[in-house]
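The values are calculated or read from the model by the stated rules, or taken from the named source; none is laboratory data. Computed from a predicted model, the values in this text were never measured in an experiment. Cβ coordinates were reconstructed from backbone atoms using ideal geometry, including for glycine residues, and neighbour counts include every protein chain displayed. These area figures cover heavy atoms from the full protein model, side chains too; ligands, DNA and RNA do not enter into them. Shrake-Rupley method; radii C 1.70, N 1.55, O 1.52, S 1.80 Å.
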Amino acid sequence: MIAIDRRAPESLQQQIRRQLAIGIVNRQYPLHAPLPSIRVLSLELGVSVTTVALAYDALKQDGFVEGRDPSLFPIRSWRECVRDSVNVVELANWAADYSAIDDELLIEQLIQRVLARRGIVAHPDEVLVTVGGQQALYIAMKLLLAPGETIGVEDPGYPDVINIAAIEGFEVERLPIDRQGLVLPDDSSRSRCLFVTPSHQFPTTVTMRLERKLELLERTKMRGQFVIEDDYEADISFNLTPPPALKSLDEWGNVIYTGSLSKSLLPGLRIGYLVADREFIREARALRHHILRHPPVNNQRSVALFLQRGYFDRFVARITSVYKDRCAVMHESLEQCFPGASREPEYGGGSIWLRLPEE
């Protein structure tokens, strides 16, 4: 219903806006029905996404349409932070090489708004920004293990830890899981370090009890073992007071903490972090330098502004509430089809562990 005339004196944006307004007034577009998405209409008309977006904005200002963003993500707030991260002042701040440091504002905000929630007190020298949690895990494993040494991994557990071990020549000791979390290995364990997801186990969603966390720390301290803690989906907790991270209980310094904003913010940003004693972080930074020098600093600054302005806190609160409601609906539905086969996660997150009948 829209015809584009590239020879007309009207701009493309004005043509789209005018013809849509006429179509709405003439009821060619039903009331309360969605218009084509910006991307779809731009493809159909052969114009840029920006042209259609500006036409839609003009229609909103004139009262012809209203925006109902189906996404949970606060797109406008994010765009604001991205835009502000590339102004003249900010551009001068992040345009240099950041292989020896990370964005100071991001480190500050991670410490104040992310790590503090998990009970972790960290100095800026004890935090390293990584390209997602996956790189944080790889760096930790690479620094702690030599080829032929063994890492203890939860079973079932995160498959890519086993894949990294296979690539790097590390042996894997599989450690069982019960309803209390990781079953602690006995004295015969040959593992140099352990990989655990104690607060929200992947994939069973089991939460390790505090008593077992303390016992794990005591045992690993006595044996001289390191622990890599992946605080999987840490931000999406259904409890007002989520259980403390293992790192927050670590008084010896043998817990290497990894996390990311992929599940709570945007997976495509690949913003992760590694928290450990400053000596370990210094070695981790040197290794990161030889892999990719540093994560993109413009992304670091955009995320830092998003955290600083409180948008992240509001977004996490909103998405947690939605996930909690969805989880209840999913569990109730599963109970109707497979009674007793699933349990609602104790911690939270975006998944339910389902054990199907053998047949």
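Taking Trp353, Trp252 and ordering them by how much accessible surface each has at a 1.4 Å probe, largest first, produces Trp252, Trp353. Based on DSSP H segments of at least four residues, each scored -39500 (n - 2.57), the chain has a per-residue ellipticity at 222 nm of -13000 deg cm²/dmol. Computed over the alpha-carbon pairs of region 188-305, the distance histogram in 10 Å steps reads 12, 38, 35, 15, 1 percent, short to long. Working ranking of peptides 3-15, 136-148 by packing, defined as the average number of other Cβ atoms within 10 Å per residue, highest first, is 136-148, 3-15. Computed over Cα pairs, the Kirkwood radius of region 39-82 leads via Stokes-Einstein (0.890 mPa s, 25 °C) to a diffusion coefficient of 207 µm² per second. In the complete set of protein chains, residue-level accessible area for Asp125 is approximately 80 Å², probe 1.4 angstrom.
A prolate overall shape is assigned to region 1-146, the ratio a/c of its alpha-carbon gyration tensor axes (a ≥ b ≥ c) being 1.5 or greater and a/b exceeding b/c. Between Ile2 and Gln308, residue separation times 0.36 nm minus the direct Cα-Cα distance comes to 105.9 nm. When the Cα positions of Val255, Gly268, Leu182 are compared along the charge dipole of the chain, Gly268 comes out farthest toward the positive end, with charges on each C-beta of Lys, Arg, Asp and Glu. Across Gln300, Gln19, Gln112, mean-square fluctuation computed from a Gaussian network of the chain (C-alpha pairs under 10 Å connected) peaks at Gln19.
Taking all protein chains into account, the per residue accessible area for the chain stands at 52 Å² (1.4 Å probe). Annotation: extensible slack from Glu332 through Asp186 equals 48.7 nm (criterion: 0.36 nm per residue apart, minus Cα-Cα distance). Ordering Leu72, Ile120, Ile164 by Cα displacement along the dipole of the chain toward the positive end leaves Leu72 in first place; charges were set at the Cβ atoms of Lys, Arg (+1) and Asp, Glu (-1). Calculated FRET efficiency, Leu210 to Asp84, Cβ-Cβ distance, R0 = 45 Å: about 0.60 to the nearest 0.05.
Result for the chain in a Gaussian network model with C-alpha springs under 10 Å: among Asp186, Asp84, Asp325, the largest mean-square fluctuation is at Asp186.
Could you tell me how far the Cα centroid of region 276-306 sits from the Cα centroid of region 330-359, in Å? Answer, in whole Å: 38. With all protein chains in place and a 1.4 Å probe, the accessible surface of the chain carries 53 percent carbon and sulfur. Ranking His200, His289, His331, His123 from most to least accessible surface, computed with a 1.4 Å probe over the protein chains only, gives His123, His289, His331, His200. Toward the positive end of the charge dipole of the chain, with +1 on the Cβ of Lys and Arg and -1 on the Cβ of Asp and Glu, the farthest Cα among Val86, Leu356, Ser333 is that of Val86. Within region 254-298, which residues have the backbone N less than 12 Å from the label spot 7 Å out from Lys221 along Cα→beta-carbon, could you tell me? Once the point is set 7 Å along Cα→Cβ of Lys221, 254-255 turn out to lie under 12 Å by backbone N, inside region 254-298. Here is the tail figure for region 67-179: Cα pairs spaced more than 24 Å apart come to 53 percent of all pairs.
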